[in-house]
Every structure is written in structure tokens, then in C-alpha cells.
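**Q** What follows is a single structure, and I will ask about it in a moment.
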Amino acid sequence: QVTCIEVVEAYVERIKEVNPLINAVVKDRFEEALQEARQVDKLLSEGPGDDYLEEKFPLLGVPITVKEAFSLYGMPNTSGLVNRRNVIATSDATVVSRLKQAGAIPLGVTNCSELCMWYESSNRVYGRTNNPYDLQRIVGGSSGGEGSVLAAACSVIGVGSDIGGSIRMPAFFNGVFGHKPTTGVVPNDGQFPNAHGVRTSYLCTGPMCRYAEDLEPVLRIMAGSGVSKLKLNEKVSLEKIKFHCMDHDGGSVFVSPVDKEILQAQKKVVEHLESDLGVRVQRVAFHKMKYSFQIWSAMMSSKDSEGQEAQRFTDLLGDHGKPVWPLWELMKWLVGMSSHTLPAIALGLTEKLVNLNLTGKAKLVSMGKSLQEEMEALLGPDGVLLYPSHPTIAPKHHSPICMPFNFAYTAIFNVLGLPVTQCPLGLGSEGLPLGIQLVAAAYNDHLTLAVAQYLEKAFGGWVLPGKV
């Protein structure tokens, strides 16, 4: 009904209209995108047949955006690190290449937190990204630019990555869908920083979208031949899913209590599932979840099976130069002389503390492994767990530094290797998005994706900012 050039022009105009407010797209490729749109229209006019095109180019002409941490040819690839500000990608990350081969048209790259290790997307290269529902609120991190750009209707699909909730937190704070696939299915190649050692089992690349139905086709393309490990062709009977529900982590001293509105939204989901599907949602309590942050932290810094140490954050901050001294950077930061953000400096300081108590760390790693076994046993081939995406709705800028460990609600599932879909549940009393995490056993991504589509119909899914 419309030409590809009309579609791309509409998205380009939308970005130009709202990006000065949200600062989500940090470098555009509008000219190249419009040229690619003309080529799509030329291809369509030559008429090789819709069936052929649909099979060969399932995303033909679809505008997408890419987290700046991923290589997109000709675009910057700094991950918010000042000493990488002149780095320009000379190739495409594997998932970006696959999406382009499927016909997608990248509009540009989006902001992230410094080195992708914080849940506010702000850095000394591009500045801060704002939440489209309230510019005084954070967008989450590290794929925060993607969350913001999708919520503001500036893109159809986003490429994100997640090692502690970096897809799911931005998706939650910005009221869109985000999927962290089962570990090891979608390749992580071509992003900076990439995971090394044990962290290769925790980092996941995945799709972010405004509409739940877009997650699965994008996941198929991102996964390539790895998609065979997933059961995406299996028809899901929602009535046969065994639903479990956990309201909070059990009361960790490091994490905020869950907001009443988030609990209320989760309660409404439970009531709807029970009344509409006739299922019984079983309440569960995993006591080890109380130690989610400690487990994630210990497992992230542990050695891999070959005894290789996890890469130090302070080395990454130096980016092949001299490792950064966090205490010295803190002194510089206090007088406005550091090129790093405060969260990055703080992470460098805490990194050293984790390795001081090696006995305690070994116990936590063991606790994580037994929690994984318990969770897999409960969920089995047909189980889905409902769990809060975050203890609070999108906080105000800078406030995450006061509650730095709240990301534990998403992070625990990275070290457990489980697939999770973040599903929006409309807006709360302050006009900010609510949402829920849907968790399944490994390789059962099809279950969480199906439930997300069902809940989108029941609760409305994405809501255009400024509509209410």
C-alpha cells in the first residue's frame, strides 16, 4: 500500500522530530537508508514475485536501529568510551549482517551506557538518553537508546544485547517488548565489549520491538542456523502451560522493595490467566533468589572451565591501553577531569572487592548452579514463571547510583541461562510503563514469546508516549 521510500522517509522525519528531546540516535545513516529504500522499490517494481521475496527477504524494507556497541559498517562503535570516539566500524556484527541480508534497512546507531555495564544510558561521548514518557526519567541500560527509540515510534526493530538485563530493563522502562534468548543461540560476534571466558555463557544478543509478534521472526533471523535449537515451529497451547508466579526476590538487603503498582499489575496478569484460560497460577518461592545480585556478581567474575580469568572491567576501560586506576579516576571525577562516568568508576572499585573473599565467592557460584537446577526442574518442558522486570518503574536520572543493585531482578536469569521475554502491561498512575518478565526453561523461548503475544492482546502492549 505504501512504497519503501515513504516508510523510511516517515521514520527519518520522526527521528528528526523527537531525537532532539530523547537523544537516542547518536549517529544516523539517513542518506544511505533512503538510497537502500529506493533499491527496494526498484526490486518490487521489477516483480520477481511476492512469495520469492518473502522467503528470501523476510524483512524487506523494514527500518531498524542498532545499539552503538554493535558494529554497523561506517558507523561509530565506541560503547560510550571516550578513548574510542574515533573508532568507525569497518564491517557488520553477525546479527546486523543477517538482518541486512534479510532486507532490513538500518537508520542509525543508538546510545548505551559506558562499556554497556550500567542501567542508565549516559556517557561522555554522546551524553544522556531520555525516556519518551517523561524526559526526567532514565531509559535503562545498556540498550537504553534502543528502548527509547522504539518507544518513541522511531524504529520498528532494535538490536540489543543483555548480560545483566540490558535488553529487558530498557524494554521495561520504555514500555516495549524485549527478548533475552536462551544462552548460546544467537551469536554475539561484532560487539564491543564482547564476552570472554565464563561470560560467554551469560551475554545474549536479542530483539527489541514495539509489537510482540515481531520478536519471533527477528529472533529466527538473528539466530541463523542456531534457530534449530529452539522450538519456534511448535504450536503453543496456552491452556496447557504450567504458570508459576513469584512477586519478589524474597527481600534482598541490596535491592529496593517491589513497587505496589508493579505488584498490582502482576496480580492482574495472574487473575486474567486464571479467569480467561482456566489455568491455576501456582505461587512459588525460590529462597536463593534473595541472593541474586551476589550470585550474578560471583559467577560473572569466576574462572571458566579452562581456568581462564574473567576479563577485568578496568582493563576494558583502558581499551588496549593502560588499565584504569579507579581510585585515581574518582579523584579526577570529583574535580571534573575524568573522561569516565561515575558508575563506571564505581564498578571498577567494586570489582576488586568481589575477589577478596574467594571462599564466599565459591559458595555463591555453587548456589547459582543449584538454583539453576531447581528452576529448570520446576519449569520443565511446559512451565512459565511470572517475575517482576525491575523493583521500580523508570527512576529519575542519576538515582540508580543510590540503588545500584536493582538490576538483580533481570541479571539472575543471565547466569541461569534461561530465556526471558519482557512484556509491557500498559502505563501506571504517573504515565510510566509497567511490565513483567516471562521466564521458561532453556530452549523453550517459544513459550514466553507466545505468552507475550497473548498478554499484549489482553493488556494493550505498547502505548504511544503522550497519548494519555
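**Q** Condition test on A441, is it open to solvent by less than 30 Å² (accessible area, probe 1.4 Å), in contact with a helix residue (DSSP H, G or I) (Cβ under 8 Å, 6 or more places away or on another chain) and under 28 Å from S370 (Cβ atoms)? So that I can check it myself, show each step before the final result.
**A** Values: open to solvent by less than 30 Å² (accessible area, probe 1.4 Å): yes; in contact with a helix residue (DSSP H, G or I) (Cβ under 8 Å, 6 or more places away or on another chain): yes; under 28 Å from S370 (Cβ atoms): yes.
In short, yes.
**Q** Any idea which of H446, H397 is open to solvent by 10 Å² or more (accessible area, probe 1.4 Å), touching a residue at least 24 places away in the same chain (Cβ under 8 Å), touching a Lys or Arg at 6+ places or on another chain (Cβ under 8 Å) and closer than 28 Å to I138 by Cβ? Step through it out loud before you land on a result.
**A** Numbers: H446 fails: closer than 28 Å to I138 by Cβ.
After ruling out the rest, the residue left standing is H397.
**Q** Give segment 159-197 a look and list any residue that's of a type in the set (G, A, S) and in a loop (DSSP other than H, G, I, E, B), or say none. Before you say what the answer is, go through the steps one by one.
**A** Narrowing segment 159-197 to residues of a type in the set (G, A, S): 160-161, 164-166, 171, 175, 178, 184, 190, 195, 197.
Within segment 159-197, G164, G165, S166, G175, G184, G190, A195 meet the criteria.
**Q** Of all residues in segment 282-298 being of a type in the set (G, A, S) and modelled with pLDDT of 95 or more, which is surrounded by the fewest Cβ atoms within 10 Å (Cβ to Cβ)? Steps first, please.
**A** We begin by selecting, within segment 282-298, every residue of a type in the set (G, A, S); these are 285, 292, 297-298.
The next check asks that each one be modelled with pLDDT of 95 or more; those that pass are 285, 292.
Numbers: A285: 11, S292: 27.
Once the filter is applied, the top-ranked residue is A285.
**Q** Please enumerate the residues belonging to segment 119-143 that are at positive phi and either in a loop (DSSP other than H, G, I, E, B) or modelled with pLDDT under 95 (or both).
**A** Of everything in segment 119-143, just one residue is at positive phi and either in a loop (DSSP other than H, G, I, E, B) or modelled with pLDDT under 95 (or both), namely G140.
**Q** Another question about this same structure. Suppose we filter segment 198-216 for residues that are farther than 18 Å from F70 by Cα and either part of a strand (DSSP E or B) or open to solvent by less than 10 Å² (accessible area, probe 1.4 Å) (or both); how many remain? So that I can check it myself, show each step before the final result.
**A** Taking segment 198-216 first, the residues farther than 18 Å from F70 by Cα are 198, 201, 210-216.
Add one more test, that the residue is either part of a strand (DSSP E or B) or open to solvent by less than 10 Å² (accessible area, probe 1.4 Å) (or both), and what stays is 212, 215.
Of the residues in that region, 2 qualify.
**Q** Within segment 16-37, does at least one residue satisfy the condition of being part of a loop (DSSP other than H, G, I, E, B), within 25 Å of R210 (Cα to Cα), open to solvent by less than 10 Å² (accessible area, probe 1.4 Å) and not acidic (D, E)? Talk me through it step by step, then tell me what you get.
**A** Step one: of segment 16-37, the residues part of a loop (DSSP other than H, G, I, E, B) are 23-24, 29.
Pick out the ones that are also within 25 Å of R210 (Cα to Cα) and you get 23-24, 29.
Adding the requirement that they be open to solvent by less than 10 Å² (accessible area, probe 1.4 Å) leaves 24.
Next cut, not acidic (D, E) only: 24.
Yes, because at least one residue in segment 16-37 is part of a loop (DSSP other than H, G, I, E, B), within 25 Å of R210 (Cα to Cα), open to solvent by less than 10 Å² (accessible area, probe 1.4 Å) and not acidic (D, E).
**Q** Can you tell me which of (1) in contact with a strand residue (DSSP E or B) (Cβ under 8 Å, 6 or more places away or on another chain); (2) without any contact (Cβ under 8 Å) to a residue 60 or more places away in the chain; (3) under 19 Å from H446 (Cα atoms) is the one L219 doesn't meet?
**A** L219 satisfies every listed condition except (2).
**Q** Further question: Quick check, is K42 open to solvent by 20 Å² or more (accessible area, probe 1.4 Å) and either over 21 Å from the mean Cα position of the chain (by Cα) or in contact (Cβ under 8 Å) with a residue 12 or more places away in the chain (or both)? If you could, list the steps in order and put the result at the bottom.
**A** Details: open to solvent by 20 Å² or more (accessible area, probe 1.4 Å): yes; either over 21 Å from the mean Cα position of the chain (by Cα) or in contact (Cβ under 8 Å) with a residue 12 or more places away in the chain (or both): yes.
Yes, satisfied.
**Q** Examine segment 270-277 for a residue that is part of a loop (DSSP other than H, G, I, E, B), at pLDDT 95 or above and open to solvent by 40 Å² or more (accessible area, probe 1.4 Å), and state whether such a residue exists.
**A** Filtering segment 270-277 down to residues part of a loop (DSSP other than H, G, I, E, B) leaves none.
Looking through segment 270-277, none of the residues is part of a loop (DSSP other than H, G, I, E, B), at pLDDT 95 or above and open to solvent by 40 Å² or more (accessible area, probe 1.4 Å).
**Q** Taking segment 232-269 on its own, how many of its residues are open to solvent by 30 Å² or more (accessible area, probe 1.4 Å), closer than 29 Å to V185 by Cβ and in contact with a His (Cβ under 7 Å, 6 or more places away or on another chain)?
**A** 2
**Q** Let me ask something additional. Just to be sure before I move on: is G140 under 16 Å from A69 (Cα atoms) and touching a residue at least 40 places away in the same chain (Cβ under 8 Å) in the structure I sent? Break it down into steps so the answer makes sense when it comes.
**A** Working: under 16 Å from A69 (Cα atoms): yes; touching a residue at least 40 places away in the same chain (Cβ under 8 Å): yes.
Criteria met by G140.
**Q** Report whether or not G426 is touching a Gly at 6+ places or on another chain (Cβ under 9 Å) and open to solvent by less than 20 Å² (accessible area, probe 1.4 Å).
**A** Numbers: touching a Gly at 6+ places or on another chain (Cβ under 9 Å): yes; open to solvent by less than 20 Å² (accessible area, probe 1.4 Å): yes.
The answer is yes for G426.
The values are calculated or read from the model by the stated rules, or taken from the named source; none is laboratory data. Here the structure is a predicted model, which means the values were calculated and not measured. In this analysis, Cβ positions are derived from the backbone assuming ideal geometry, glycine residues included, and neighbour counts consider all displayed protein chains. Ligands, DNA and RNA are stripped out before the accessible areas are found, and what is left, the full protein with its side chains, is counted by its heavy atoms. Shrake-Rupley method; radii C 1.70, N 1.55, O 1.52, S 1.80 Å.
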